[in-house]
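Report on the following structure.
The values are calculated or read from the model by the stated rules, or taken from the named source; none is laboratory data. Predicted model, so just to flag it, every value in this text is computed and none were measured. Methodologically, a virtual Cβ is constructed for each residue, glycine included, from the backbone with ideal geometry; neighbour enumeration extends over all protein chains shown. Side chains are part of the model used for accessible areas, which takes the heavy atoms of the whole protein and leaves out ligands, DNA and RNA. Shrake-Rupley method; radii C 1.70, N 1.55, O 1.52, S 1.80 Å.
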Amino acid sequence: MKWIEAIQKSIQYIEEHLLEPMTTDQIAAHAHMSAFHFQRIFGLMTDVTVAEYIRRRRLTLAANELLQGDPKIMDLAFKYGYDTPESFTKAYRRQHGISPSETRKSGASVQSYNRLVIQVSLQGAEPMKHHIVEQEAFSIAGIKQRFSYVDGQHLQGIPNMWEEAYHSGAEDRIAALNNGVIPGLLGVCVDQGEIEDKQMEYWIATTYEGEQPEGLSTFTFPASKWVVFEVEEPMPQGIQKLWKRIVGEWFPSNAYEHAWLPELEVYRGMKHAPQIWIPIK
């Protein structure tokens, strides 16, 4: 249950500091995670980014003040972290569908977002097909691209990277290098936060042994234990649903902990279900 408790602590911190400037690094520190892993797990558990949760909660509190009194728009804007009344009004209208001044009118309706409470349902009725692998050290070769993970920006760039790799022939070239350690193409997320703030690398790669191929990059994983899940529902929704179940059901009900190595999404071809490999200890 460590992840659940960690996310709950982070929500507690956010709620206690909603009227103060705060960074994702500060919030992640209270969850005892890197900013990269914290944002990833928070998003999987809540279906919202950290920044969006903060925006929703601040604008909910601002709406409550307008419904209950007659504060100045300028004062509310500065109180809830906006540089100008105009930027506050724009964000307010995006969430509530009306302007701050219109909220004061009798019968005005707003979109209220309450404080998140993480609840885990360990039903166990729906099986999760998985097995444990003791894997020796292995290397991968492929292409990589750096993305910002702020507000989920990488989720927009990664599909474009796959499409470009397909049309350029890079996918076929990489797949031909596979040495059989893990058959197929790999999607790999590597945290780069210690090198460049709020950055990650995404790799399209395959397991490979030998000299570094021209035009490609290589990366070596240490020996580790992995839990391997098979995606049993249609893509692409199936893999996202499985990630949510892994975070919200499997880890809370098992004694294993994440080893904090990069995770793998394994694409083994049309005749085989994709897999998710997660390093554990």
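Quick look at the numbers
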{"item": "Residue among 266, 50, 117 with the largest mean-square fluctuation in a Gaussian network model of the chain, springs linking Cα atoms under 10 Å", "result": "117"}
{"item": "Carbon + sulfur, % of accessible area of the chain - ligands and nucleic acids excluded, 1.4 Å", "result": "49"}
{"item": "Ellipticity estimate at 222 nm from DSSP helix runs (n ≥ 4, -39,500 (n - 2.57)) divided over the chain, nearest 500", "result": "-11500 deg cm²/dmol"}
{"item": "Charge dipole of the chain about the Cα centre (unit charges at C-beta), most positive-ward option of 184, 98, 143", "result": "98"}
{"item": "Accessible area per residue, Å², the chain with all protein chains present, probe 1.4 Å", "result": "54"}
{"item": "Local net charge near residue 16, Cβ-Cβ under 14 Å (Lys/Arg +1, Asp/Glu -1)", "result": "+2"}
{"item": "Test item: Cα-centred dipole of the chain, Lys/Arg +1 and Asp/Glu -1 on Cβ, debye", "result": "1000"}
{"item": "Relative contact order (percent, whole number), the range 148-249, Cα cutoff 8 Å, 6+ residue spacing", "result": "20"}
{"item": "Proximal lysines to residue 241, defined as alpha-carbon separation beneath 27 angstrom and excluding residues fewer than eight positions away on the same chain", "result": "2, 9, 129, 144, 198, 225, 271, 281"}
{"item": "Per-peptide average of other Cβ atoms within 10 Å, ordering 7-14, 250-257 highest first", "result": "7-14, 250-257"}
{"item": "Cα lying deepest toward the dipole's positive end in the range 1-55, options 54, 37, 21, charges on Cβ", "result": "37"}
{"item": "All lysines inside 19 Å of residue 79 as judged from Cα atoms, apart from same-chain residues fewer than 8 positions distant", "result": "90"}
{"item": "Protection proxy ranking of 162-168, 97-103 - average other beta-carbon atoms within 10 Å, highest first", "result": "97-103, 162-168"}
{"item": "Size of charge dipole - the range 131-281 - debye, nearest 20, with Cβ of Lys, Arg +1 and Asp, Glu -1, no other charges", "result": "320"}
